[in-house]
Amino acid sequence: MRFASSLLILSSIAASVFAGFNPPSAPRSYFIMSGVVDITAPVQIPNPLGTRVSNTWTGGNFTDYKGNVFATVVPGAGGENGLVDSAGFFHLDARMTLKLVNESDTYAYLQYMGIGQFGAVDNFYMRIETNSIKYSFLNQIFVWGNATIPGAYLLVDTFSPTKPM
């Protein structure tokens, strides 16, 4: 009887606690930029963890949140060194340098890390460094996105919970 009373009290407390529970809402997303990047054919190197996949960037451009081309890809400055593991997951590890088009001597360095399926959608987070005054807000925001390789190019779309300035 004592056990049943204790169980009844605990279930009553749990019901009152969870009755007011509302799951958190998903974070708001703001579009940051898109890129179309020309790439070399992948070099695939087997290793004990799976297959290392390496590409080099050969060109391309990025548009900003207003739809304006704001940067070009610096050919050969960075690349992809991902890993396809034994379960078939692709672990994205890439770096890229962009030359901003309307500011002299301004660049952006992008670092991507993520996971997905090789050649399909890869979800990633991105760290950005830039010496641009106009795009300096990119140094201080969290950015995530997805990437696809539909051919000899890479498509990138990025988002942030922080509204672009």
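The values are calculated or read from the model by the stated rules, or taken from the named source; none is laboratory data. It should be emphasised that the depicted structure is a prediction, and the values quoted were computed from it without experimental measurement. FYI the Cβ positions are ideal-geometry reconstructions off the backbone, even for glycines, and counts take in every protein chain you see. The protein model used for the area step is the full one, side chains on, heavy atoms only, and it has no ligands, DNA or RNA in it. Shrake-Rupley method; radii C 1.70, N 1.55, O 1.52, S 1.80 Å.
Between G145, G151, which is over 24 Å from L49 (Cβ atoms) and exposed (fewer than 15 other Cβ atoms within 10 Å of the Cβ)?
Numbers: G145 fails: exposed (fewer than 15 other Cβ atoms within 10 Å of the Cβ).
The unique qualifying residue is G151.
Here are some residues: M165, M113. Which one is among the aliphatic types (A, V, I, L, M) and in contact with a helix residue (DSSP H, G or I) (Cβ under 8 Å, 6 or more places away or on another chain)? Lay out the reasoning, then the answer.
Details: M113 fails: in contact with a helix residue (DSSP H, G or I) (Cβ under 8 Å, 6 or more places away or on another chain).
So the residue among M165, M113 that is among the aliphatic types (A, V, I, L, M) and in contact with a helix residue (DSSP H, G or I) (Cβ under 8 Å, 6 or more places away or on another chain) is M165.
From the list E80, E103, exactly one residue is in contact with a Ser or Thr (Cβ under 7 Å, 6 or more places away or on another chain) and part of a loop (DSSP other than H, G, I, E, B). Which is it? Steps first, answer last, please.
Values: E80 fails: part of a loop (DSSP other than H, G, I, E, B).
Within the list E80, E103, the selection yields E103.
Write out, first by first residue and then by second, each pair whose Cβ atoms fall under 9 Å of each other, whose residues are 6+ apart or on separate chains, and whose first residue, in segment 148-160, is hydroxyl-bearing (S, T, Y) while the second is in a loop (DSSP other than H, G, I, E, B).
T148/G119; T148/A120; T148/V121; S160/S29; S160/I141; S160/F142
If you take the residues in segment 84-112 that are of a type in the set (S, T, Y) and farther than 23 Å from V143 by Cα, which one is surrounded by the fewest Cβ atoms within 10 Å (Cβ to Cβ)? Steps first, answer last, please.
Our first condition is that a residue be of a type in the set (S, T, Y); within segment 84-112, this holds for 86, 97, 104, 106-107, 109, 112.
Narrowing further to those that are farther than 23 Å from V143 by Cα: 86, 104.
Details: S86: 9, S104: 5.
Across segment 84-112, the extreme among qualifying residues is S104.
Could you tell me which residue of segment 1-25 is modelled with the highest pLDDT, considering only residues that are open to solvent by 100 Å² or more (accessible area, probe 1.4 Å) and among the aliphatic types (A, V, I, L, M)? Working first, answer last.
Filtering segment 1-25 down to residues open to solvent by 100 Å² or more (accessible area, probe 1.4 Å) leaves 1-3, 8-10, 18, 21-22, 24-25.
Then keep just the ones that are among the aliphatic types (A, V, I, L, M); that gives 1, 8-10.
On the way: M1: 52, L8: 53, I9: 58, L10: 52.
Filtering first and then ranking leaves I9.
Just checking, which of G60, G67 is under 19 Å from A147 (Cα atoms), in a loop (DSSP other than H, G, I, E, B) and at pLDDT 90 or above? Give the steps one after another, and end with the answer.
Details: G60 fails: in a loop (DSSP other than H, G, I, E, B).
G67 is the lone residue from the list that is under 19 Å from A147 (Cα atoms), in a loop (DSSP other than H, G, I, E, B) and at pLDDT 90 or above.
Would you confirm whether or not segment 26-39 contains a residue that is part of a strand (DSSP E or B), open to solvent by 30 Å² or more (accessible area, probe 1.4 Å) and of a type in the set (F, W, Y)?
Taking segment 26-39 first, the residues part of a strand (DSSP E or B) are 30-39.
Narrowing further to those that are open to solvent by 30 Å² or more (accessible area, probe 1.4 Å): 30-31, 36, 38.
Applying the additional criterion that residues be of a type in the set (F, W, Y) yields 30-31.
Looking for residues that are part of a strand (DSSP E or B), open to solvent by 30 Å² or more (accessible area, probe 1.4 Å) and of a type in the set (F, W, Y), one finds at least one in segment 26-39, hence yes.
As an exercise: evaluate N81 against (1) farther than 14 Å from V37 by Cβ; (2) open to solvent by 20 Å² or more (accessible area, probe 1.4 Å); (3) touching a residue at least 12 places away in the same chain (Cβ under 8 Å); (4) over 17 Å from the mean Cα position of the chain (by Cα) and give the number of the one condition it does not meet.
Condition not satisfied by N81: (4).
In this structure, is S132 open to solvent by less than 10 Å² (accessible area, probe 1.4 Å), in contact with a strand residue (DSSP E or B) (Cβ under 6 Å, 6 or more places away or on another chain), in contact (Cβ under 8 Å) with a residue 40 or more places away in the chain and among the polar types (S, T, N, Q)?
no
Pick from G50, G82, G116: which is modelled with pLDDT under 90 and among the small types (G, A, S)? Before the answer, list the steps.
Working: G50 fails: modelled with pLDDT under 90; G82 fails: modelled with pLDDT under 90.
Checking each option against the conditions leaves just G116.
Out of (1) closer than 24 Å to Q44 by Cβ; (2) small (G, A, S); (3) in contact with a strand residue (DSSP E or B) (Cβ under 6 Å, 6 or more places away or on another chain), the odd one out for A108 is which?
With respect to (1) closer than 24 Å to Q44 by Cβ; (2) small (G, A, S); (3) in contact with a strand residue (DSSP E or B) (Cβ under 6 Å, 6 or more places away or on another chain), A108 is out only on (1).
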